[in-house]
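Working notes for the structure below.
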Amino acid sequence: MTTGTRTPAESIDEEKLDELVGTTVNDLGGAVQAALAEIGDRLGLYRAIADAGPLTSVELAERTDTAERYVREWLRAQAAGGYVTYDPETERYSLSPEQRAVLADEDSPAFMLGGFQGMNTVLADVQDDIEAAFRTGDGVGWHEHHPELFPATERFFKPGYAASLVSEWLPSLEGVDTKLKNGARVADVGCGYGATTILMAEGYPDSTFVGIDYHDHSIEMARERANEAGVGDRVDFEVATAEEYNGTKYDLVTIFDAFHDMGDPVSVAAHVRETLSDDGTLMLIEPYANDRVENNLNPVGRVFYGFSTMFCTPNSLDQGGNPALGAQAGEERLREVVTEGGFTRFRRAAETPFNLVLEVRP
Ligand SMILES: C[S@@+](CC[C@H](N)C(=O)[O-])C[C@H]1O[C@@H](n2cnc3c(N)ncnc32)[C@H](O)[C@@H]1O
């Protein structure tokens with residue numbers, strides 16, 4: 001008797017089945033949480049609980065000028081997911097210090113709401129194009145995405161940069177902190193909205209900075225951000241590709257979470273080498289990854305492989321994809337690529353659970 005594609009009952013391990021069903025239930029909750037977290041962020045629900053909690057649903061609705069029945073359901077979903085804490089005695093909801101750091105403190109390195117910002121909109125907007133690209137192998141450029149992707153990327157990455165870039169990552173590079181303090185020239189390639197360019201300019205007032213990105217809208221916003229931050233006089237921005245940007249004899253070139261997105265990373269490395277002084281440094285900040293696939297099969301690797309499928313790899317393929325590194329390239333693969341581009345020294349200078357900080361030198 002044929003059973004179609006059904007798995008024979010005797011081959012199913014009930015424990016493993018339960019575990020996998022549990023994973024999918026968790027993921028369904030996570031998928032809807034992307035919408036609920038964004039609603040909570042935009043309506044100021046997390047913020048209000050942080051400021052005034054513990055609150056009942058009635059009190060939270062009053063404080064945020066929202067409809068109690070919706071707020072009640074939202075709170076229960078948040079409590080079920082561990083995003084807020086429920087006290088059954090008082091029927092009040094609050095944020096623990098950890099929940100506050102992740103959901104309500106924009107300055108905390110653990111702040112994660114940027115990750116949910118626009119997530120559903122951006123993914124839904126591009127999903128059909130990516131599905132089609134699975135068949136053709138064509139690329140989808142960064143510039144082709146829904147515009148919410150760009151400020152969301154800035155907000156997602158910025159807390160980590162603010163926590164580590166000036167205090168830990170730059171000082172971890174040989175001689176760079178001293179050069180920057182004395183006045184150095186820095187190019188920040190693939191700078192997006194310029195968060196890192198501005199943080200470095202604020203940290204090192206005697207140095208000058210150029211932020212470079214091929215995406216004209218991002219450069220326009222980076223200029224605005226630099227003026228708002230009061231560093232517009234020491235920070236320039238240029239619309240250019242990483243393969244062709246202007247300038248020579250930079251003391252430091254930085255590439256934050258963008259090298260693996262580029263379609264011809266060997267040529268990028270070669271161009272960086274040409275624009276760098278002989279004792280200069282390339283600092284590559286890449287998503288944390290191990291060299292072997294099996295060692296990236298964990299929650300952080302999952303998020304990065306997911307983003308890589310939807311954003312990073314399509315962008316590389318749009319630019320030729322030779323090679324399309326993907327967001328989990330790993331240190332050894334990155335070393336090979338920059339060595340091919342003409343660099344001779346390479347070392348892991350620092351790391352966080354989310355980032356590798358790589359020092360690359362001529
Ligand atoms: C994931 S975003 C990171 C932005 C920013 N560095 C940050 O960490 O927030 C990748 C950036 O690389 C830029 N990019 C991609 N390919 C590029 C290329 N070939 N030349 C210059 N910029 C590029 C994109 O426009 C985008 O701003």
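Scanning the stretch 332-346 for residues that are in a loop (DSSP other than H, G, I, E, B) and free of Cβ contacts under 8 Å to residues at least 24 places away in the same chain yields a single hit, THR344. Could you check how many residues of the stretch 126-145 are over 17 Å from HIS260 (Cα atoms), in contact (Cβ under 8 Å) with a residue 24 or more places away in the chain and among the small types (Gly, Ala, Ser)? Count: 2. Among the numbered conditions (1) closer than 21 Å to ASP264 by Cα; (2) assigned to a helix (DSSP H, G or I), the only one that GLY301 does not meet is (1).
For the subset of the stretch 99-141 comprising residues that are of a type in the set (S, T, N, Q), assigned to a helix (DSSP H, G or I) and not assigned by the TED database to the domain that holds ASP51, which member is farthest from ARG42 (Cα to Cα)? So that I can check it myself, show each step before the final result.
Filtering the stretch 99-141 down to residues of a type in the set (S, T, N, Q) leaves 99, 108, 117, 120-121, 127, 136.
Filter once more, so that each one left must be assigned to a helix (DSSP H, G or I): 99, 120-121, 127, 136.
From what's left, not assigned by the TED database to the domain that holds ASP51: 120-121, 127, 136.
Numbers: ASN120: 14, THR121: 14, GLN127: 24, THR136: 37 Å.
So, considering only residues that are of a type in the set (S, T, N, Q), assigned to a helix (DSSP H, G or I) and not assigned by the TED database to the domain that holds ASP51, the one farthest from ARG42 (Cα to Cα) is THR136.
Selection of the stretch 147-170 for residues being in contact with a strand residue (DSSP E or B) (Cβ under 9 Å, 6 or more places away or on another chain), closer than 19 Å to ALA349 by Cα and either within 10 Å of the ligand (Cβ to nearest atom) or not aromatic (Phe, Trp, Tyr) (or both) yields GLY160, TYR161, SER164, LEU165, GLU168, LEU170.
The set of residues in the stretch 182-203 being within 23 Å of PRO159 (Cα to Cα) and either surrounded by fewer than 23 Cβ atoms within 10 Å (Cβ to Cβ) or β-branched (Val, Ile, Thr) (or both) consists of VAL186, VAL189, THR196, THR197, ILE198, LEU199, GLU202, GLY203. Taken together, GLU148, GLU106, GLU91 contain a single residue that is touching a residue at least 24 places away in the same chain (Cβ under 8 Å), within 23 Å of ASP257 (Cα to Cα) and out of contact with any helix residue (DSSP H, G or I) (no Cβ under 7 Å at 6 or more places or on another chain), which is GLU106.
Within the stretch 226-255, the set of residues being within 9 Å of the ligand (Cβ to nearest atom) and closer than 18 Å to LEU180 by Cα comprises THR254, ILE255.
Condition check ((1) in contact with a strand residue (DSSP E or B) (Cβ under 6 Å, 6 or more places away or on another chain); (2) over 23 Å from GLY30 (Cα atoms)) across all residues:
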| site | (1), (2) |
| --- | --- |
| THR275 | yes, yes |
| GLY280 | yes, yes |
| GLU294 | no, yes |
| LEU297 | no, no |
| PHE304 | yes, no |
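Only a single criterion out of (1) more than 18 Å from GLU336 (Cβ to Cβ); (2) buried (at least 19 other Cβ atoms within 10 Å of the Cβ) is not satisfied by ILE255, namely (1).
The values are calculated or read from the model by the stated rules, or taken from the named source; none is laboratory data. Since we're looking at a predicted model, the values are computed, not measured. With ideal geometry, Cβ positions are generated from the backbone for all residues, glycine too; neighbour counts draw on all protein chains shown.
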